Amino acid sequence: MTVFDLRSSQPCPRRKRTPFSEEGRALEFYEIDGYASAIERFKDESIGDGTSEEIRSVLTLALRVAKGEEGLAAAREQARRGFDLSSKDIDRLADIARQAGEENHLERHVLLELAQAAGVAALGLDGRNRMAVRLAAVAALAGHIERARVAFADAVEGLEIATRFFGADDDWAARAETRLELEWETAKSSTTSTLEIFDVGSGDPAAEWVDLIVWNSDHGSGNGLLAQVDATQRLAFRFEHWIIFGDRRLAAVAEDMRARCIAAAPGDPYLAARYLVTLGDALVEVAEWAAAAQVLHDVRQGDVGQNHPIGVHSLIQEAYCYLRLGDLDGCRVILDSVDLRQLESLAGLVITVAAELVRYHFVDHLYRHLKGDPIDHEAGPKIERLMRDVAPIVSTSGEDSRTIYLRNLFFAVLWRDAESLLPAGGGI
């Protein structure tokens, strides 16, 4: 067998073959102009052409994966956490992957895996969706059917978020989701897989969903509730599928996930609390009030106390769970444990604290309404003023940035939760 030199179009002999270890598959390296692979050639050609050092580092990592010297899972985690790529860098990597794919689908798959992982850390919703769709198609071509399914799920989650919180056209989103589902059915038709996009592939939903929390959580100093809002919504979609299509409850799985969230952040009680908040808030999203209340209570069992912003959030959300369970006295006890004076004093300084004060007034008003206590008629104006304080985090610049996306999603979720209490909504 011969292959062609890409520049001279003259046949040249195949010289070297290196195994591709991922899932036991073999990746063939064709010697082209002295290079063992397209990745290696692009890496060397990038020196001196203005390509960023970050891109060259990703190419080096991709080459190690392709040669079987590095596992794909570890490489994805490094690309997610260890590189600081811009949206232009990620587009450039995707373009290199496209060109590499003209020679080998498996090399293209490796590059897109790393580009997509970096995109989770750097891109907004639209950019991440585009990368997920690309990865799904290429992973299917490369024979990595489970990776394709995970990427399809990522893309569908993005569509759901766009529809629910950013006003995307429902018909457009439904058509796009149908296309993705059909592409998944086509991809798996030549395999023995019977899984739907949101099915649990491992047989261990607690482990799979905790991995999802970790993957979608931003690490680093200063990250708090803003950094968890995307992870919360994506996890809630998985829960919805589990409940609706599996006709199953989440209590037992949530109990398992509580312990795994703590284990996923060894030696870092602050990060563990963030994981637990994500789990608790996702359970609230799907009306699993009792399970959510227990998880949210656990947030404050470590170093994160009830006066920490995450602790305050867990308190107010737990009170809301008791209210929805019909335990009005339990709701009141928890609300009364909130240091309202401190909450009000910090609300003007910290955006997320202002958001928690909105939630406090929301729950307090509902409690008073259900209990028959006197209503605070200033609750509506208070909420309006606080929402105006939180609103500056919203950006309409269109920049494909994860930071801007997280801020916008945080505000959109808060607005949805508070809208029924605003005068325009008739709640107060």
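For K188, give me every one of the aspartates and glutamates with a C-alpha distance below 14 angstrom, ignoring sequence neighbours fewer than eight places off in its own chain.
E146, E196, D199
Check the straight Cα-Cα distances from K43 and name the lysines below 20 Å, setting aside those fewer than 8 residues away within the same chain.
In chain and number order, the partners are K16, K67, K88.
What is the helix-to-structure angle for 72-81, meaning the angle in degrees between its Cα long axis and the longest Cα principal axis of the chain, kept from 0 to 90 and rounded to the nearest 10?
Long axis of 72-81 versus the principal axis of the chain: about 50 degrees.
Taking the simple approach of a point 7 Å from Cα along Cα-to-Cβ for both I47 and W215, what is their distance in nm?
The two pseudo-label positions are separated by 3.5 nm.
Please compute the Kirkwood hydrodynamic radius over region 128-236, one decimal place, Å, based on all pairs of different Cα atoms.
Kirkwood radius, region 128-236: 14.9 Å.
Give the dimensionless ratio obtained when the Cα radius of gyration of region 256-315 is divided by 2.2 N^0.38 Å.
Numbers: Rg = 10.4 Å, N = 60, 2.2 N^0.38 = 10.4 Å.
That ratio works out to 1.00.
Under a Cβ-only charge scheme (Lys and Arg +1, Asp and Glu -1), can you give me the dipole magnitude of region 15-188 about the Cα centre, in debye to the nearest 20? All intermediate terms of the calculation are to be shown ahead of the outcome.
Details: 25 positive and 34 negative charges, 67 e Å.
Dipole about the Cα centre, nearest 20: 320 debye.
Mean-square fluctuation check for the chain, GNM, Cα pairs under 10 Å: which of I55, I96, I375 is largest?
Taking springs between Cα atoms under 10 Å, the residue moving most is I375.
Kirkwood hydrodynamic radius, the chain, all distinct C-alpha pairs: what's the number in Å? Numbers along the way, then the final one.
On the way: mean 1/r = 0.0426 Å⁻¹.
Result for the chain, one decimal place: 23.5 Å.
Pairs of alpha-carbon atoms within less than 8 angstrom and 6+ residues apart define the contacts here; what relative contact order does the chain have, in percent?
Values: 562 pairs, mean separation 41.8, N = 428.
Contact order relative to length: 10 percent.
Excluding A206 itself, calculate the net charge of residues whose Cβ lies under 11 Å from the Cβ of A206, where each Lys or Arg counts +1 and each Asp or Glu counts -1.
Spelling it out: positives minus negatives among the neighbours equals -3.
At q = 0.11, 0.25 Å⁻¹, what is the log10 ratio I(q)/I(0) for region 324-428, with the Debye formula run over Cα points and no solvent?
Summing over Cα pairs of region 324-428 leads to -0.38, -1.40.
Please work out, to two decimal places, the log10 of the ratio I(q)/I(0) at q = 0.12, 0.15 Å⁻¹ from a Debye calculation in which every Cα of region 15-188 carries one identical scatterer.
-0.54, -0.82
What is the helix-to-structure angle for 145-166, meaning the angle in degrees between its Cα long axis and the longest Cα principal axis of the chain, kept from 0 to 90 and rounded to the nearest 10?
40 degrees
How tilted is helix 351-371 with respect to the longest principal axis of the chain? Cα atoms for both, answer in degrees (0 to 90, nearest 10).
50 degrees
Starting from the Cα-Cα distance between S397 and Q301, subtract it from 0.36 nm times their residue separation and give me the gain in nm to one decimal. The partial results should precede the final answer.
On the way: separation 96, 0.36 × 96 = 34.56 nm, distance 4.03 nm.
Between S397 and Q301, full extension yields 30.5 nm more.
Would you mind counting up the charge near A117? Only other residues with Cβ under 10 Å from its Cβ, with Lys and Arg at +1 and Asp and Glu at -1. Mind showing how you got there, number by number?
Numbers: positive: R76, R80, R81; negative: E77, E113.
Net of charged neighbours comes to +1.
With each run of n ≥ 4 DSSP H residues scored as -39500 (n - 2.57), what mean residue ellipticity at 222 nm is computed for the chain after dividing by its residue count and rounding to the nearest 500 deg cm²/dmol? Don't jump to the answer; show the numbers that get you there.
Working: 19 runs with 275 residues, N = 428.
Rounded to the nearest 500, the figure is -21000 deg cm²/dmol.
How large are Rg and Dmax for region 198-299 when only the alpha carbon atoms are used, in Å?
In order Rg, Dmax, the Cα atoms of region 198-299 give 12.5, 40 Å.
Where a number appears in this text, it was derived from the coordinates with a stated rule and is not lab data. Quantities reported herein were computed from a predicted structural model and do not represent experimental measurements. All Cβ positions, glycine included, derive from the backbone under ideal geometry; neighbour counts span all protein chains shown.
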